[in-house]
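A.B. asks: Once you've had a glance at the structure underneath, I'll fire off some questions.
No value in this document is a laboratory result; all are computed from the given coordinates. The shown structure was predicted, so the numbers you read here are calculated from the model rather than taken from an experiment. Every residue, glycine among them, receives a Cβ derived from its backbone with ideal geometry; neighbour counts consider all protein chains shown.
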Amino acid sequence: MFRLFLLYFYFFFLIFVIGCMVYLHIGEWFHSQSAIFFGKMSLKITKSQETQVMKPFYGILFCISCFLSGSLNAYAQLDGAGIVKAVSGNVFITSAQTTVIAVPNMKIIQGDFIRTGANGSAGLIFEDDTVVALGPNSEMSIENFSFNPVNKELSFIARMVHGTFSFITGQIAKLAPKKVIFETPDATLGVRGTKFLVKID
């Protein structure tokens, strides 16, 4: 929800910046036409003076635009950790203090908390092809996820609270096994093979 708000805010801010620039150029054209009609001596502000006055304003708009663009890109990078591939029964995802009912093809991101009910189960597929299945009465959070092999940014950290989980490891486990960590209330687990099952009472 916040990412959507930021996207709309950034869009309307760009429209505002473009409107300001158009307004300023129209104002400059109006001043030049006034100078021709009324005489150049009647204008107290010359074109060079006007440019000097407006330079800080252009700089502020440019800095704010860059900041918002960077923030939007940062939030965009959170998207795409994976998707909910399959759902059965009651499955819920809590993201940014908002809980929704999970449905197939729903995106999951870093920080999401997935919970299944007594009759629920879910299958998740991450961007690096890791597959995670949650059985009934299971809870898991995605603590950290980064899959960018080009820049060697690889990380997959999941915290399992309780329940039954099965894993089929993906590309991160192949490229950087030590970057894949599964946390439980009693221990921290590393990757041991490509398929494994975890049960937490």
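A.B. asks: Tally up the residues in the stretch 86-137 that are outside any strand (DSSP E or B) and touching a residue at least 12 places away in the same chain (Cβ under 8 Å), please.
C.D. replies: Going through the stretch 86-137 one residue at a time, the tally reaches 23.
A.B. asks: Something else now. Just the residues that are buried (at least 20 other Cβ atoms within 10 Å of the Cβ) and either of a type in the set (A, V, I, L, M) or over 24 Å from L175 (Cα atoms) (or both), please, taken from the stretch 122-150.
C.D. replies: A122, L124, V132, L134, S138, M140, I142
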